[in-house]
Amino acid sequence: GQSQEPAIAEKDESVRKDFLESAAALCARVRAKSPKARIYFYETWARHADYWKAAKKGPDVGADPKEMQARLRKWYGVVAKDNGATFVPCGDAWELNYASSAAVRLHTKDHSHPEFVGTYLNALIFFGKIYGVKAPTPRWTGKLDEAQAKLMQGYAAQVLK
């Protein structure tokens, strides 16, 4: 459902119905073919605050990043719970980053998609959820310096606790 569908679902009943039914149908299809498969719902992140400054008219994804993230957390949480799946709180870690005085830009210039550092953060959280690791600290950090990697690892640990 990417970031817009669950955010819009908060106010639009037809989008909400489609989102909930599609999630259930996808889970049913996976389980019909692979009954032992583990299903993960990837909670995405709110748009960057600059998205709301750009004065673009678009669908109602919330009044600001905080509201959008609350909607994403709610609806991805609902579909994970309703379908016996695992909730992967990537967007919650992004929210922690942006609330910090040492925030790192995780979005690309389009205010939606992730920079490498955002992808790194998401990977830490998926690794933690898949392998039951509460504080992932891989040696490989890609193009991040040690300080940025440790910062992202700290956010991952906070949402994986």
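Residue count for segment 107-161, restricted to those that are in a helix (DSSP H, G or I) and within 17 Å of Leu96 (Cβ to Cβ): 26.
Answer yes or no: is there a residue in segment 107-119 that is farther than 30 Å from Asp145 by Cα and buried (at least 19 other Cβ atoms within 10 Å of the Cβ). No, segment 107-119 contains no residue that is farther than 30 Å from Asp145 by Cα and buried (at least 19 other Cβ atoms within 10 Å of the Cβ). Applying the criterion of being under 14 Å from Gly1 (Cα atoms) and of a type in the set (D, E, K, R) to the residues of segment 13-59, the residue that is least open to solvent (accessible area, probe 1.4 Å) is Glu43.
Looking across Lys81, Lys36, one residue alone is among the basic types (Lys, Arg) and farther than 19 Å from Ile125 by Cβ. It is Lys36.
Scan segment 121-139 and give yes if some residue there is modelled with pLDDT under 95, among the polar types (S, T, N, Q) and open to solvent by less than 60 Å² (accessible area, probe 1.4 Å), otherwise no. No, every residue in segment 121-139 fails to be modelled with pLDDT under 95, among the polar types (S, T, N, Q) and open to solvent by less than 60 Å² (accessible area, probe 1.4 Å). The set of residues in segment 17-47 being among the small types (Gly, Ala, Ser), farther than 28 Å from Pro59 by Cα and part of a helix (DSSP H, G or I) consists of Ala28, Ala32. Residues considered: Ala54, Ala80. Of these, the only one that is out of contact with any Gly (no Cβ under 8 Å at 6 or more places or on another chain), closer than 30 Å to Ala24 by Cα and among the small types (Gly, Ala, Ser) is Ala80. In segment 84-106, the residue that is most open to solvent (accessible area, probe 1.4 Å) out of those that are hydrophobic (A, V, I, L, M, F, W, C) and under 30 Å from Val30 (Cα atoms) is Phe87.
I'd like to check something: does segment 140-150 contain any residue that is of a type in the set (A, V, I, L, M), out of contact with any strand residue (DSSP E or B) (no Cβ under 7 Å at 6 or more places or on another chain), surrounded by fewer than 17 Cβ atoms within 10 Å (Cβ to Cβ) and free of Cβ contacts under 8 Å to residues at least 12 places away in the same chain? Checked segment 140-150: at least one residue is of a type in the set (A, V, I, L, M), out of contact with any strand residue (DSSP E or B) (no Cβ under 7 Å at 6 or more places or on another chain), surrounded by fewer than 17 Cβ atoms within 10 Å (Cβ to Cβ) and free of Cβ contacts under 8 Å to residues at least 12 places away in the same chain.
Restricting segment 60-77 to residues that are assigned to a helix (DSSP H, G or I), in contact with a Phe, Trp or Tyr (Cβ under 9 Å, 6 or more places away or on another chain) and open to solvent by less than 20 Å² (accessible area, probe 1.4 Å), the residue that is nearest to Arg29 (Cα to Cα) is Tyr76.
The values are calculated or read from the model by the stated rules, or taken from the named source; none is laboratory data. As the structure is a computational prediction, the values presented were derived from the model and not from experiment. Cβ coordinates were reconstructed from backbone atoms using ideal geometry, including for glycine residues, and neighbour counts include every protein chain displayed. Each accessible area value is taken on the protein alone, full model and side chains, heavy atoms only, with ligands, DNA and RNA left out. Shrake-Rupley method; radii C 1.70, N 1.55, O 1.52, S 1.80 Å.
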